[in-house]
1. How many residues are within 14 Å of the chain's Cα centre (by Cα) and more than 14 Å from Phe81 (Cα to Cα) if we restrict to the stretch 97-124?
2. In this structure, does Thr67 turn out to be polar (S, T, N, Q), out of contact with any Lys or Arg (no Cβ under 9 Å at 6 or more places or on another chain), without any contact (Cβ under 8 Å) to a residue 40 or more places away in the chain and buried (at least 16 other Cβ atoms within 10 Å of the Cβ)?
3. Among Glu121, Glu68, Glu107, which is the only one that is within 21 Å of Lys2 (Cα to Cα) and of a type in the set (Asp, Glu)?
4. Taking only the stretch 81-127 into account, find how many residues are assigned to a helix (DSSP H, G or I) and within 22 Å of Glu65 (Cβ to Cβ).
5. Quick check, is Thr76 touching a residue at least 60 places away in the same chain (Cβ under 8 Å), in contact with a Phe, Trp or Tyr (Cβ under 8 Å, 6 or more places away or on another chain) and of a type outside the set (A, V, I, L, M)?
6. From the list Asn94, Asn41, Asn45, which residue is modelled with pLDDT of 95 or more and out of contact with any Cys (no Cβ under 8 Å at 6 or more places or on another chain)?
7. Given (1) at pLDDT 90 or above; (2) farther than 16 Å from Cys10 by Cα; (3) surrounded by fewer than 16 Cβ atoms within 10 Å (Cβ to Cβ); (4) not acidic (Asp, Glu), where does Val72 come up short, assuming only one miss?
Amino acid sequence: MKLTVIGAGCWGTALAMAAHDTGTEVLLYAREEEVVSEINNNNSNARYLDKDVKVLPKATNDLKEATELSDVVLCTTTLKFLRTTLRAVKDLDNIPRKIINVSKGFEPDTGQLPNQIIKEELPTVKP
């Protein structure tokens, strides 16, 4: 199975590492080029984790690359960025069919839950 984890903060990186440890092929998506570079060049995500924590999954800041070959997309972004991330996914040629959301909370501007945002932005995808 090929898994994309969208969101390279503490939660997303930890879940990517756990999936990688099971033998799953994982690609981690981060918006910030410096986070991608740190993960790919130093096997570290010092911005969000202790610098001694070894991060083995590879990372990209190209959303198309991150999602086009994946069987499943695991969305870990904060609710502040979930809607804009999903809108970027919607603009891709190949929208992932399976998205698992593990974000928590309510969208600051609307009070919506993550599943409501996914349904609104990507109505063809089962959240």
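The values are calculated or read from the model by the stated rules, or taken from the named source; none is laboratory data. Bear in mind the structure is a predicted one, so any value in this text is a computation, not a measurement. Here the Cβ positions follow ideal geometry from the backbone for every residue, glycine too, while neighbour counts run over all protein chains shown. SASA here: full protein model, heavy atoms, side chains in, ligands and nucleic acids out. Shrake-Rupley method; radii C 1.70, N 1.55, O 1.52, S 1.80 Å.
1. Total meeting the criteria: 3.
2. Values: polar (S, T, N, Q): yes; out of contact with any Lys or Arg (no Cβ under 9 Å at 6 or more places or on another chain): yes; without any contact (Cβ under 8 Å) to a residue 40 or more places away in the chain: no; buried (at least 16 other Cβ atoms within 10 Å of the Cβ): yes.
When the stated conditions are applied, Thr67 does not pass them.
3. On the way: Glu121 fails: within 21 Å of Lys2 (Cα to Cα); Glu107 fails: within 21 Å of Lys2 (Cα to Cα).
Step by step, each of Glu121, Glu68, Glu107 is checked, and only Glu68 is within 21 Å of Lys2 (Cα to Cα) and of a type in the set (Asp, Glu).
4. Looking only at that region, the number is 12.
5. Values: touching a residue at least 60 places away in the same chain (Cβ under 8 Å): yes; in contact with a Phe, Trp or Tyr (Cβ under 8 Å, 6 or more places away or on another chain): yes; of a type outside the set (A, V, I, L, M): yes.
In short, yes.
6. Working: Asn94 fails: modelled with pLDDT of 95 or more; Asn45 fails: modelled with pLDDT of 95 or more.
Checking each option against the conditions leaves just Asn41.
7. Exception for Val72: condition (3).
Condition check ((1) open to solvent by 30 Å² or more (accessible area, probe 1.4 Å); (2) part of a strand (DSSP E or B)) across all residues:
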residue	(1), (2)
Val5	no, yes
Ala8	no, no
Leu15	yes, no
Ala19	no, no
Val26	no, yes
Ile39	no, no
